[in-house]
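Novice: Handing you this structure, nothing more for now.
The values are calculated or read from the model by the stated rules, or taken from the named source; none is laboratory data. These numbers were taken from a predicted model, which means no experiment stands behind them. Cβ coordinates were reconstructed from backbone atoms using ideal geometry, including for glycine residues, and neighbour counts include every protein chain displayed. Just so you know, the surface numbers come from the protein's heavy atoms only, side chains and all, with ligands and any DNA or RNA stripped out. Shrake-Rupley method; radii C 1.70, N 1.55, O 1.52, S 1.80 Å.
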Amino acid sequence: VPICNELAKALPALHASSGCDTNSSFFGIGKKRWLASIVKFPEFLETLNTLGTHPSEITSEIEKKCMEFTSIVYCDGTSSMQQRATSMNSLRYRLFTRRNFASERLPPTDNAFHQHLLRANYQAYIWTHATDNFLNCSPIGNGWEMDNGSIVPVRMTSPSAPSLIVFTQC
């Protein structure tokens, strides 16, 4: 029963971080895999339960644990502790070289994942505080920015690849 209570508390963060109407999802990875992974690796429930407690605070330790959990999801729950990635960039490299993933199936870069996590945290905060009378928080700076009068997601704040990489057509 205690794991059920912790899982129930983690559902808003799990839903927001795995992709929802207000946040991007991970190509080819559905909710069933995310849920199966958290059930198989319940040590990440505490991490998920910290998302959404504050609208704009994510510690580097929480971000690192979210990256580790995401690597487990990408590896379909088969990662041992030694194989878990601690950065999205290393996971991208490992998946590309060992499994030859198509580029659209690769996880986001560290920078893009950070913006994704900011949006997931903000959304989880909104959901977990939905019964509060007043919420004094803004999406701006929490993975969102103002662009010509519209609020749009920040996809990344640095280039997705080094500038030395030159793409040529085959």
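Novice: For the structure I just gave you, tell me whether LEU118 is of a type in the set (A, V, I, L, M) and farther than 22 Å from HIS15 by Cβ.
Specialist: Here the answer is no, as LEU118 does not meet what is asked.
Novice: Let me ask something additional. Please go through the range 1-37 and pick out each residue that is farther than 19 Å from ARG105 by Cα and touching a helix residue (DSSP H, G or I) at 6+ places or on another chain (Cβ under 6 Å).
Specialist: ILE3, GLU6, LYS9, ALA10, PRO12, ALA13, LEU14, ALA16, THR22
Novice: Now a separate question. For the range 61-86, what are the residues that are surrounded by fewer than 17 Cβ atoms within 10 Å (Cβ to Cβ) and either at pLDDT 90 or above or in contact with a Leu (Cβ under 8 Å, 6 or more places away or on another chain) (or both)?
Specialist: Those that are surrounded by fewer than 17 Cβ atoms within 10 Å (Cβ to Cβ) and either at pLDDT 90 or above or in contact with a Leu (Cβ under 8 Å, 6 or more places away or on another chain) (or both): GLU61, LYS64.
Novice: Can you find a residue in the range 143-153 that is open to solvent by 20 Å² or more (accessible area, probe 1.4 Å), in contact (Cβ under 8 Å) with a residue 12 or more places away in the chain and within 24 Å of LEU45 (Cβ to Cβ)?
Specialist: Filtering the range 143-153 for residues open to solvent by 20 Å² or more (accessible area, probe 1.4 Å) gives 144-153.
Now drop any that are not in contact (Cβ under 8 Å) with a residue 12 or more places away in the chain, which leaves 144, 151, 153.
Still in the running and within 24 Å of LEU45 (Cβ to Cβ): none.
No, every residue in the range 143-153 fails to be open to solvent by 20 Å² or more (accessible area, probe 1.4 Å), in contact (Cβ under 8 Å) with a residue 12 or more places away in the chain and within 24 Å of LEU45 (Cβ to Cβ).
Novice: Given the criteria without any contact (Cβ under 8 Å) to a residue 24 or more places away in the chain and in contact with a His (Cβ under 8 Å, 6 or more places away or on another chain), does LYS64 qualify? Give the derivation first.
Specialist: Numbers: without any contact (Cβ under 8 Å) to a residue 24 or more places away in the chain: yes; in contact with a His (Cβ under 8 Å, 6 or more places away or on another chain): no.
For LYS64, the condition - without any contact (Cβ under 8 Å) to a residue 24 or more places away in the chain and in contact with a His (Cβ under 8 Å, 6 or more places away or on another chain) - is not met.
Novice: Please verify whether ALA8 is in contact with a Lys or Arg (Cβ under 7 Å, 6 or more places away or on another chain) and more than 27 Å from VAL152 (Cα to Cα), treating the condition exactly as stated.
Specialist: The answer is no for ALA8.
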